[in-house]
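In what follows, a single structure is set out as structure tokens and then discussed.
Every number here is computed from the coordinates shown, using simple stated rules; none is lab data. Because the structure is a prediction, the values reported are computed rather than measured.
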Amino acid sequence: MKVVAAYLLAVLGGNVSPSAKDLKAILASVGAEAEDDRIELLLSEVKGKDITELIASGREKLASVPSGGGAVASAAPVAGGGGAAAPAAEAKKEEKVEEKEESDDDMGFSLFD
């Protein structure tokens with residue numbers, strides 16, 4: 001991800017065709033280590049392509065990916081005599097306890113209680 005970010009920064013800075021050296025310089029300026037194999041892979045994938053077209057294509061692909069919404073319900077096996085329901089109930093109980101602890105956390109703002 002950092003290599004892609006460095007590439008996009010270079011392009012936004014006016015360098016329409018950044019080199020591996022350019023990307024390494026950008027990454028070094030923020031103390032990130034440059035991985036040569038990832039830089040070369042990215043440069044080979046985007047070579048000769050317009051970045052705005054690549055971004056538009058990526059948006060279209062992401063738009064077709066289902067995200068959130070409905071949860072998939074799966075039936076628990078009945079062979080165990082209902083033993084699978086106990087861990088689920090226990091997990092819900094633990095979640096409720098954690099929520100209560102978080103809601104009690106006032107971050108030190110209740111000085112006058």
Show the residues, 5+ positions off or on another chain, whose built amide H is closer than 5 Å to the amide H of Asn15. none
Please work out the Cα center distance from the range 49-70 to the range 2-41, rounded to the nearest Å. 22 Å
Under the rule rounded for a/c under 1.5, else prolate if a/b exceeds b/c, else oblate, using alpha carbon gyration tensor axes a ≥ b ≥ c, the range 1-71 is classed as prolate
